[in-house]
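What follows is a short report on a single structure.
The values are calculated or read from the model by the stated rules, or taken from the named source; none is laboratory data. Being a predicted model, the structure only gives us computed values, none of them experimental. As a convention, Cβ positions derive from the backbone with ideal geometry for all residues, glycine included, and neighbour counts pool all protein chains shown. The accessibility values were calculated without ligands, DNA or RNA, using every heavy atom of the protein model including side chains. Shrake-Rupley method; radii C 1.70, N 1.55, O 1.52, S 1.80 Å.
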Amino acid sequence: MKTGGKQYKVSEGDVVIIERLEGSAGDTITLDHVLMLGDGKDLKVGTPTLEGTVVTAEIIEQGRGDKVIVFKKKRRHNYRRKRGHRQDLTVLRVKAIGAGSAKKAASTGASKSEAKKPAAKKAAPKKAE
C-alpha cells in the first residue's frame, strides 16, 4: 500500500507506523492506494494501483516521533542554524486486505470525502469576498 508518499508491505494483523492521518484512536479507516496484492501463489500488480482493492485498518494511537535535529553551518562565514522537528505519526493495525471489504469500505470513504468537499468550496468564496 502507499500512504504519505511511502510504500508499506503489510498483511492482516500487522501494526504499522505511518505519517499522520485524520481520525482518533479506535476509528476504522480505509486506504485505497494498493499497489500489489498476493498470497504466495497468486500475485496481482496494479498499474499503478489495483482498482476496488482496499486496506482496512484501525487507528491504535496518534503520536509524535523522536526529535530530529537539523544543523546547518557554513564554515568561516559565521552561519549557523539549528532547528528541531518531530513528525506526527499514526499507529495502525491492519484488519483486512482485499476486494471483499472494498465495497463496504469504499462506500463509507466516498461519502466522507463528498461531505467534506462542498464545505471547503463554500468556505473559499467567503474568504475571497
Item to check | Failed item in (1) outside any loop (DSSP other than H, G, I, E, B); (2) surrounded by 10 or more Cβ atoms within 10 Å (Cβ to Cβ), with G52 passing the rest | outcome: (1)
Checklist entry - Exactly one of (1) assigned to a strand (DSSP E or B); (2) open to solvent by less than 60 Å² (accessible area, probe 1.4 Å); (3) out of contact with any helix residue (DSSP H, G or I) (no Cβ under 8 Å at 6 or more places or on another chain) is unmet by T30. Its number? => result (3)
